Structure formats: structure tokens, C-alpha cells
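Participant: Got a structure here, written out as C-alpha cells. Questions coming.
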Amino acid sequence: MMQWCIVSSRGAKFWEGLVFGKRIIAASALVVATTIGANAQTATPSFDWSGPYVGVVGGHGWFYKIWDWAVDNGEPIDPVPMAAHTAVGLLAGIEGGYRFQTNVAVLGVEIDLAWTNSIGGGTCLGLWDATECETDLDWLATLTGQVGIGAGGFLVYAEAGLAIARETLNTYRPTLLDTTGVFTNFGLVVGAGLVVGTPSGWLIKAEYNYLNFGTVAVTLERLSNDNNYGVDLTQHAHTIKIGIGRRF
């Protein structure tokens, strides 16, 4: 009964986050598309967003994790619910990209790389004699295509693309490190943002992203012997970033 309740709660939180992210992005995309359609034929831009740019970003991330025990001593088993927790932390990094403007429509591509101290954990259930499950994120990168509208020195955009995260999973027994697994996770990202530009080339931005990494199999190496264990990790995340940059 306890495991069933945990699975139900975790599933509800996961889908709530998914629906929330989709609603925000759908609304942003609708605004962008409607405005472009209404103004692209008549508007003459007073500010040109075309060209390359670079910048620095900082922000905050919430990474929602669901662990299921799937491999015992190297042998696959029917997945057993283990843990559900949120890794929370700061983001700080760099970004760069290129934009092309035609009338009020602005198209672009952007890449960013951010270090993060996001970490979170919770009680392990159903897993040998480990008592604590922990997730530690090292860095997060995204590669996105953007479509937006430029109105003078203001740019509103929606984006979608690839997300990559470097992570470590640890279990403890009860306070000593018992197993560990380091891996690179790939997923999808959608988002929306606002950029304010100056005639001298400076940029200030604010951006929201929803990231979905699906489910990935992670091998956990036990430090006390040669036995390997494995978990199926399901993850989605929300990030908010602000940044300052310069276009050329």
C-alpha cells in the first residue's frame, strides 16, 4: 500500500509539472504566432536584431526525480519504486547565438552551458540496505531554435531543442557512500523569454524553460564489492534564468 501511494503521488507531481510547462509554452507560442501573422506584412522594424551575440546567465533550477530499482546484482528485475525527490539549486554559465530578422519576425539559434549546484535526496525504499538516495547535477546545456517578434528594443520569443545534463546518483548506508553512478542525460527543452536590447549592443534577458529527460537506465557501482545495481530514472525540470550579453 505504501509503495502504491508513493507511485501515485510521484506520477501526479510529474504530470502536473508536464501540463504546467506545456501550458506556459503553448500560450507563449500562440502570442508569438498571432503577433507575427498580424504585423509581418505591414510593420517596419526600428531595431535590427540580426547578428551574433554572447552573454552570461544565472538562475535557478528545479529537477524532479523518480527512481525505480531495475537491476539487482547485475540481473534485471521487475522495477520496484525506490524514491522521489527534487534536486534544487543555482545555475551560472555562458551563452551564445545568432539571430536573423525579417520585418518583425526574428529567427535564431542559441547554445548555453551552465554549472549548477542542484542537489536533492530522499529515503530509499525497496533497495537492499541503502537508506538514502541522492541526485547531484554538475552542469546543464541546451541547444535551441528560436522564433520571436521584435518590437523596437524588445524581443519576445519561444524556443525548443535539445537538453543535456551531467549527473551523479548516490546511495548511502546509512551515512556512508554505498553505490554511485555518473552519467550524461539527454532530453528535450521548450521555453519562452524576453530580451531587451540597447542601440549600443547590450542585451538583458529573462527566460523560462521546461525540460523533459524521459526515463534513462543508470548503473550504480557498489563500492564494497563488484556487484552492480541499476535504476530507471525519470526526470523533468523547470529553470528560470536571467542574463546580460552583447550583440555584434
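Participant: Sort 118, 200, 50, 224 by Cβ crowding within 10 Å, fewest neighbours at the top.
Facilitator: 200, 224, 50, 118
Participant: Follow-up. Excluding residue 111 itself, calculate the net charge of residues whose Cβ lies under 12 Å from the Cβ of residue 111, where each Lys or Arg counts +1 and each Asp or Glu counts -1. Show your work: numbers first, answer last.
Facilitator: Working: positive: none; negative: 95, 110, 112, 159.
Spelling it out: positives minus negatives among the neighbours equals -4.
Participant: Counting C-alpha atoms alone, how compact is segment 126-224: give Rg to one decimal and Dmax as a whole number, in angstrom.
Facilitator: Considering segment 126-224 through its Cα atoms, Rg and Dmax are 19.9, 62 Å.
Participant: Between residue 151 and residue 119, take the C-beta separation as r, use R0 = 35 Å, and let me know the FRET efficiency to the nearest 0.05.
Facilitator: After rounding, the FRET efficiency stands at 0.30.
Participant: Then there's this: Mind checking Rg over Rh on segment 64-190, alpha carbons, Kirkwood formula for Rh? Before the final figure, lay out the partial values.
Facilitator: Values: Rg = 19.7 Å, Rh = 17.1 Å.
My calculation of the ratio gives 1.15.
All of the numbers you see were taken from the coordinates with simple rules; none came from a lab. Remember, predicted model here, so these are calculated numbers, not experimental data. We place every Cβ from the backbone using ideal geometry, glycine too, and count neighbours over all the protein chains shown.
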